[in-house]
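What follows is a set of notes on a single structure, which appears directly below.
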Amino acid sequence: MEQDYIPCEIEQKWQKIWDDTKVFQPEPDEREKFFITIPYPYLNGNLHAGHTRTFTIGDVIARYKRMQGYNVLFPMGFHVTGTPIVGLAELIANRDPQTMKVYSELHGIPIDILDTLVTPERIVEYFSKEAEKDMRSIGYSIDWRRKFTTTDPTYKKFIEWQFNLLYEKGLIVKGSHPVKWCPNDNNPVEDHDILHGEEATIVDYTLIKFEYNGIILPCATLRPETIFGVTNLWINPDIEHVKIKVEKNGKKEEWIVSREAYNKLTFTDRKIEFIENVPAASLIGIKVKNPLTGNYVITLPASFVKGENGSGIVMSVPAHAPFDYLALKDLYGQDLSNYGIKEDLRNIKLISLIEAKEFGEYPAVEAVQQLGVKDQNDPKAEEATKIVYRREFHGGVLKENTGKYAGMAVSKIKEVLTKDLINQGIGEVFYEFSEPVVCRCGTPCVVNMVEGQWFLNYSNPEWKDKVYRCIEKMDIIPEEYRVEFNNKVDWLKDKACARKKGLGTHLPFDNQWLIESLGDSTIYMTYYITNKFFARGIGPEHLTPKLFDYVLLGKGSLQKTAADTGLDEELIAQMKKDMDYWYPVDLRSSGKDLVPNHLLFFLFHHVAIFEEDKWPRSIAVNGFVSLEGQKMSKSKGPLLTLRTAVNKYGADISRLYILSSAEQTQDADWRNSGVEAAKKQVERFYSFAREIIEAGAVCGMCGELKLIDKWMLSRLQQRIRETNKDMLALRTRSALQNAFYLLLNDIKWYQKRGGSNLLYDILDTWVRLMAPFIPHVCEEIWHAMGHRGDDIVSLAPYPIFNPELIDKNAELAEELVDNTLEDIEEIIKVTKMTPKKVVLYTSPTWKKRIFQTALKMQSENELNGGVLIKKLMSDPANRTYGKDIPKFVQKIVSDINSMKMERLEMFAGYELDELEILRENKIFFEKEFGCPVEIYSADDPSYDPENKSKFAVPMRPAIYIE
RNA sequence: GCGAGGGUUGCCCAGUUGGUCAAAGGCGCCAGACUUAAGAUCUGGUAUCGAAGGAUUUCGUGGGUUCAAAUCCCACCCCUCGCACCA
């Protein structure tokens, strides 16, 4: 080994050896397989610290499983379908200043090359090469024979096959959906096209059609159930209203709405025709029919109604809506005769329809009174509304007067009721933004219905049921995410799966559309298996649907498939054999951002296409990476690329750092000071190994073992046990704590206590323990230890826990020494004295006996202070210490009571000769404190000037210092 | 608003089947060793009080359960992320 640790030399050397010897190119054999996949990266930039984290976790698992004896397949591909790469090519072609800056400086692309990346194809070619180079440089154990890019002609054949299959199964349907739309550009707006209102979401209101002389006055509401409590409608006399002709699904109606609402309606899936302006005054004071109850209610003037919200006409539910109540109250006693309203509005009776435990009959009235809201223009009215809505939504139940809906929870009613209203022709859905959205061009956006769109029918309940079943059977790591997955399945609606722009595969049954990029990356893990064969030169012309049917699903016959594809039977049989061997996916590990999209679709498509035995077995998710506390951004910075990290620190240090800096789901923060610390640790590991090897250390297990050796072995076993336990749960941080940091502390103590026999054995285990995490330096050490040829550490057996090497007495003995050491130090610190002599007194025999007796009683589950004291007192031999016994017993009993199981097991059969142990370590103590040390038993102290020996108890000797 | 996650000692971050938890590890800081010196490295210390191994107050806030709470229960406050046709 070299004197100094030089990462890049070691790393390049071993990467070449791994590649040359093809150790990570698995083929089916008799071993158990483990198929791990990480979502391939989307290549609109170089790989960054986020990728580094996710992929490194995957690689560590792959390496760990391999060392455990599994036949591990860990493949990788590149995702390029979709629009961002097309957009990036345009930006580069246009020399967009920010893009040029970010991609040259942060992504590290030489400017002369960047200048050439002006088409999507060139971008894909460039980044896929770079990404592979990067992943190799950090030592991922990927089988590169299987790589592909999602625009490969053969991959497109695979996607076409899949979408035809889904179409045949009726899982792809045609429909319309609402999008954010700029009327000026006549195009959908994406998030980066928005000037303000990025936060806006599309909210679905229910439109309820009140009727007046055959004309519809639609009211938009988020709470359609309140239709049962409507006492009147609100019309703002100061805004413009229009009468329009509305045609939807062939049904023609005449509506009256605000002018703004008319404008919005023209973008919906309705045909709209303007008829005439309608003076607001003519709309006030009329009687309109509640379409559900058939009751007639009056229309009244209100200033709080805004033309741009909803339809511009509002239904009034004063029992539950503070604004409605306030507006109504404001009209009490007012002269409304100019609207032709003569009746006394006090006669309008509030209608309560929701039972909520926080409120009585009229929640709106109570809230208004509690908050002291003055009128409809008081800002506190908003707050009152929120309070009432929130409480009613959570805990509210519908009352008897809602007919067949009585007893239903308010939180569940909206969907059901809206559907019923639509079916009866008296309701519709109306989409609106949660806040105003303005396009970059300055135009206010609208919700537009895109028609004739293709959807993946994820809302299909049978499909969802299968996914639930799949999740139930899977391991979700960490387990807390299971509920998240189930929630998201529940929440998922139909998803538009085709677009007009971007890279990708055309929909086979409707060629003008491109398959959306999340849809084409759901079951591609099978493609790694088949692509090993395709990549040897099988062209797309051979990849007929029958081939995929046979290889992936086992449908059809070998002969017919061969005839259909023109491929050899033997080759096809081999593909199928590989598929049957490797599938299903044992673990898909990914960043947590993919939970509500990719990982969900991954499950949906698997359950739709494959039989249950091919469903994924487990999913793991990990957190993000930030940079010195700042969020990273590919397009704006800050950004740390994988390459920058590896160039600066090396592969092993980057790996160790990213894995140890945060636990699985926690977000990690990449900090320079942290990497520097990791660097120090790896260097320390390296020089520890070098010193041992250069000293010519050999296996010490066969020689005679001292107590400290037994202690070391015992601790080592515990670290092995914990590391394996952590790896099983993918807790890489905790695994490293055990396999590296804690073990390092143990080794320090071992050496401090004069241990030396087992250094070679420790190293042998330690290198294997660390190999999945920092493989290059471990290979280097393993080689230096004399392993040659095929005997590389990447394929060496991972250490397993050996319970026979656990030695409780050795651990207790060291604990005694450590306790004593710390107590002496503490006394010196407090008294600030320089010791001239230290005297130790071990526990007297009677205390040890009592301790043992108490432990025994505890193990028989009958530890009781009183009983113990009586028992002791009855023994004449104990009379001498009679008055000390109760106090000591009390202490012992409470100590033992507060011990955990593990601790009690540790003490089970406690039989330590403390005097002997301390005497053996006399020289150690003398060295530590630089003065003579005398050791006595408290039974028989020949020197005890201050009578300290009486404080001696088991595991804590009494101390006298002068 | 809905859903999920989180608030720990100067900072980052462990620890939640309740009990060696004043609480791991790292950073920072302090002291010592080494060095001509600095750096690097190594050793020790780092809540408060204490001239004897102890005591006291801490784990977002306020209550509660328990012999015992960072850990369990209730309420509240604050922070981060997702909410879709975008990868």
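Only one of A:LEU518, A:LEU543, A:LEU552 is within 10 Å of RNA strand B (Cβ to nearest atom) and among the hydrophobic types (A, V, I, L, M, F, W, C); which? Show your work before the answer.
On the way: A:LEU543 fails: within 10 Å of RNA strand B (Cβ to nearest atom); A:LEU552 fails: within 10 Å of RNA strand B (Cβ to nearest atom).
Selected residue: A:LEU518, the only one of A:LEU518, A:LEU543, A:LEU552 that is within 10 Å of RNA strand B (Cβ to nearest atom) and among the hydrophobic types (A, V, I, L, M, F, W, C).
Please specify each residue of segment A:117-149 satisfying the condition of being of a type outside the set (A, V, I, L, M, F, W, C), under 30 Å from A:GLU11 (Cβ atoms) and not in a helix (DSSP H, G or I). Residues satisfying the conditions are A:GLY139, A:TYR140, A:SER141, A:ASP143, A:LYS147, A:THR149. In segment A:817-827, the qualifying residues are those that are aliphatic (A, V, I, L, M) and more than 9 Å from RNA strand B (Cβ to nearest atom), and the one that is nearest to A:ILE961 (Cα to Cα) is A:LEU821.
Taking the stated definitions as given, is A:PHE274 surrounded by fewer than 14 Cβ atoms within 10 Å (Cβ to Cβ) and among the aromatic types (Phe, Trp, Tyr)?
Working: surrounded by fewer than 14 Cβ atoms within 10 Å (Cβ to Cβ): yes; among the aromatic types (Phe, Trp, Tyr): yes.
When the stated conditions are applied, A:PHE274 passes them.
Only a single criterion out of (1) more than 16 Å from RNA strand B (Cβ to nearest atom); (2) touching a strand residue (DSSP E or B) at 6+ places or on another chain (Cβ under 9 Å); (3) in a loop (DSSP other than H, G, I, E, B); (4) among the aliphatic types (A, V, I, L, M) is not satisfied by A:ILE523, namely (2). Residues in segment A:277-327 that are of a type in the set (Ser, Thr, Tyr) and touching a strand residue (DSSP E or B) at 6+ places or on another chain (Cβ under 6 Å) were compared, and the one that is surrounded by the most Cβ atoms within 10 Å (Cβ to Cβ) is A:SER311.
Can you run down the residue pairs with Cβ atoms below 9 Å, 6 or more apart or on separate chains, where the first is in segment A:676-689 and outside any helix (DSSP H, G or I) and the partner is among the basic types (Lys, Arg)? Correct list of pairs: empty, since none qualify. The C-beta contact set for segment A:290-311 (first residue more than 20 Å from A:ILE341 (Cα to Cα) and modelled with pLDDT of 90 or more, second residue assigned to a loop (DSSP other than H, G, I, E, B) and not small (Gly, Ala, Ser), distance under 6 angstrom, 6+ apart or interchain) comprises A:PRO291/A:ILE426.
Quickly run through segment A:231-258 and pick out the residues that are over 17 Å from A:LEU283 (Cα atoms) and not in a strand (DSSP E or B). Before the answer, list the steps.
Initial filter on segment A:231-258 (over 17 Å from A:LEU283 (Cα atoms)): A:245-253.
A:ASN249, A:GLY250, listed by residue number.
Taking segment A:690-718 on its own, how many of its residues are in a helix (DSSP H, G or I) and either at pLDDT below 85 or buried (at least 17 other Cβ atoms within 10 Å of the Cβ) (or both)? Final tally of qualifying residues: 15.
Being touching a strand residue (DSSP E or B) at 6+ places or on another chain (Cβ under 8 Å) and in a loop (DSSP other than H, G, I, E, B) is the filter; apply it to segment A:328-342 and report the residue that is surrounded by the most Cβ atoms within 10 Å (Cβ to Cβ). Checked segment A:328-342; the qualifying residue surrounded by the most Cβ atoms within 10 Å (Cβ to Cβ) is A:ILE341. Of everything in segment A:169-190 that's over 26 Å from A:ASN460 (Cβ atoms) and more than 7 Å from RNA strand B (Cβ to nearest atom), which residue is surrounded by the fewest Cβ atoms within 10 Å (Cβ to Cβ)? The residue in question is A:ASN186.
Residues that are hydrophobic (A, V, I, L, M, F, W, C), within 12 Å of RNA strand B (Cβ to nearest atom), farther than 30 Å from A:SER859 by Cβ and in contact (Cβ under 8 Å) with a residue 60 or more places away in the chain: does segment A:950-959 have at least one?
First, the residues of segment A:950-959 that are hydrophobic (A, V, I, L, M, F, W, C): A:951-953, A:955, A:958-959.
Subsequent filtering for residues that are within 12 Å of RNA strand B (Cβ to nearest atom) retains A:951-953, A:955, A:958-959.
So of that shortlist, the ones also farther than 30 Å from A:SER859 by Cβ come out as A:959.
Filter once more, so that each one left must be in contact (Cβ under 8 Å) with a residue 60 or more places away in the chain: A:959.
Yes; the residues of segment A:950-959 include at least one that is hydrophobic (A, V, I, L, M, F, W, C), within 12 Å of RNA strand B (Cβ to nearest atom), farther than 30 Å from A:SER859 by Cβ and in contact (Cβ under 8 Å) with a residue 60 or more places away in the chain.
Evaluation of A:ALA662 against the conditions (1) more than 13 Å from RNA strand B (Cβ to nearest atom); (2) not β-branched (Val, Ile, Thr); (3) not in a helix (DSSP H, G or I) shows that the sole unmet condition is (1).
The single residue among A:ALA784, A:ALA771, A:ALA796 that is in contact with a helix residue (DSSP H, G or I) (Cβ under 7 Å, 6 or more places away or on another chain) and either of a type in the set (D, E, K, R) or crowded, with 23+ Cβ neighbours inside 10 Å (or both) turns out to be A:ALA771. The sole residue among A:SER590, A:SER626 that is within 15 Å of RNA strand B (Cβ to nearest atom) and either assigned to a helix (DSSP H, G or I) or under 19 Å from A:GLY519 (Cα atoms) (or both) is A:SER590. If I ask for residues that are over 19 Å from A:CYS219 (Cα atoms) and aromatic (Phe, Trp, Tyr), which ones from segment A:316-351 would you list? Hits for segment A:316-351 are A:TYR332, A:TYR339. Considering A:LYS488, A:LYS466, the condition of being within 15 Å of A:PRO596 (Cα to Cα), part of a helix (DSSP H, G or I), within 23 Å of the chain's Cα centre (by Cα) and modelled with pLDDT of 85 or more is satisfied by A:LYS488 alone.
Please work out which residue is nearest to the chain's Cα centre (by Cα), limiting yourself to segment A:585-617 and to residues that are closer than 15 Å to A:PHE35 by Cα and surrounded by fewer than 17 Cβ atoms within 10 Å (Cβ to Cβ). Looking at residues that are closer than 15 Å to A:PHE35 by Cα and surrounded by fewer than 17 Cβ atoms within 10 Å (Cβ to Cβ), I get A:ARG617. Only residues that are within 16 Å of RNA strand B (Cβ to nearest atom) and among the hydrophobic types (A, V, I, L, M, F, W, C) were counted across segment A:65-85, and they come to 4. The helices (runs of 4 or more DSSP H) found entirely in segment A:843-939 that carry 3 or more residues being within 16 Å of RNA strand B (Cβ to nearest atom) are A:845-859, A:885-897, A:901-907, A:914-920, A:922-929.
Within segment A:620-647, the set of residues being surrounded by fewer than 17 Cβ atoms within 10 Å (Cβ to Cβ) and modelled with pLDDT of 90 or more comprises just one member, A:ASN647. Filtered by the rule that a residue be without any contact (Cβ under 8 Å) to a residue 12 or more places away in the chain, over 25 Å from A:ALA608 (Cα atoms) and outside any helix (DSSP H, G or I), segment A:535-583 gives A:ARG536, A:GLY537, A:ASP568.
The values are calculated or read from the model by the stated rules, or taken from the named source; none is laboratory data. Predicted model, so just to flag it, every value in this text is computed and none were measured. Glycine gets a Cβ as well: all are built from the backbone with ideal geometry, and neighbour counts include every protein chain shown.
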